[in-house]
């Protein structure tokens with residue numbers, strides 16, 4: 001019995017120990033499970049936070065990249081706009097440079113305005129002729145006397161009071177354009193290079209030749225450049241009016257020109273050559289040989305172009321009567337290839353002058369378009385002048401003027 005009691009107690013103690021052990025084990029397992037769960041939750045939170053941070057960082061990088069791309073696009077667009085504006089300005093400058101000979105014509109065209117004035121007057125004033133002439137003083141002052149044209153018209157308007165409307169209009173002056181016949185005759189009759197009057201742009205002779213220049217430029221358009229000169233510092237012995245292709249130098253190339261005799265007994269229409277650059281680059285002898293060779297080529301070409309009805313002298317002999325020591329006039333005489341002379345008091349009508357001029361310009365254009373002239377005369381000559389130019393500048397010299 002004691003043994004059974006002892007065994008029972010031993011079994012109870014063992015069971016208690018096992019129970020405690022199991023309880024401790026279960027508690028430890030539960031604690032470990034809770035810890036593992038907390039760790040998993042912490043890891044999940046950390047992963048979620050890391051994912052959120054990664055997504056935020058990616059979003060920031062994407063936004064930064066988008067901003068950089070937008071900035072780069074804006075910079076590129078601004079650069080392209082500046083480049084386009086630069087090209088536009090360069091094109092405008094090139095066009096302005098190419099057509100600078102049209103500047104006077106454009107300035108004249110900008111003044112082609114019509115001034116209008118409306119006056120509402122009663123019937124009595126309308127029958128009496130209204131006020132003293134119609135049109136405002138401001139409008140009248142806006143037009144020069146030479147170019148003023150005015151007209152008044154009156155129309156009855158509906159109404160019991162018999163109101164009338166007077167319309168007055170006026171046009172700007174066109175006096176700054178001179179016809180060839182008038183301009184040539186006036187210069188031949190008035191010009192005197194020994195005059196003591198001061199040379200200035202506002203002088204009547206300068207205004208006269210400028211009017212012819214502007215009129216010819218407006219007539220010929222941008223295809224040709226028209227220039228003129230009455231002298232530089234003092235009155236020229238031989239005033240001139242020249243028409244040239246913008247690509248042709250008047251110091252070494254071909255051009256059409258009006259040359260006035262020093263005594264103003266006549267004026268010549270010539271197809272001639274520039275000489276100043278040739279003499280400076282090649283020397284006098286070679287320059288004269290070049291002039292003679294080009295002259296022969298042009299005369300041969302023109303002999304086939306002109307019909308017998310035109311009064312052109314293919315020998316191109318002119319006498320400017322400038323006297324000894326007039327080197328520039330002598331160059332003009334030597335460089336003339338084809339010419340026709342108009343004597344003072346016998347200048348042909350405007351239509352005949354234009355016919356001769358356009359015939360000369362047509363021949364001039366045909367020569368410039370000739371492959372032989374371009375490839376065997378102009379191109380080699382321009383290349384030699386280009387090579388000679390740096391050496392000349394290095395010696396401190398620079399050719400100026402025309403001829």
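Read-outs: derived from the displayed coordinates by stated rules, not from any lab. What you are looking at is a predicted structure, and each value in this text was computed from that prediction instead of being measured. When we count neighbours, we look across all protein chains shown, and the Cβ atoms used for this are built from the backbone with ideal geometry, even at glycine.
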Residue order, fewest to most beta carbons within 10 Å, for 299, 60: 60, 299
Label-point gap, in nm, between residue 74 and residue 190 - each point 7 angstrom along Cα→Cβ: 6.4 nm
Neighbour-count ranking [beta-carbon atoms within 10 angstrom, fewest first] of 232, 302, 206: 232, 206, 302
Estimated inter-spin distance, residue 197 and residue 179, nm [label 7 Å along Cα→Cβ]: 2.2 nm
Using a Förster distance of 60 Å, the FRET efficiency for residue 21-residue 59 (Cβ separation, nearest 0.05): 0.60
23, 265 arranged by Cβ crowding within 10 Å, fewest neighbours leading: 23, 265
Centre separation in Å (Cα based) which lies between region 314-338 and region 1-47: 135 Å
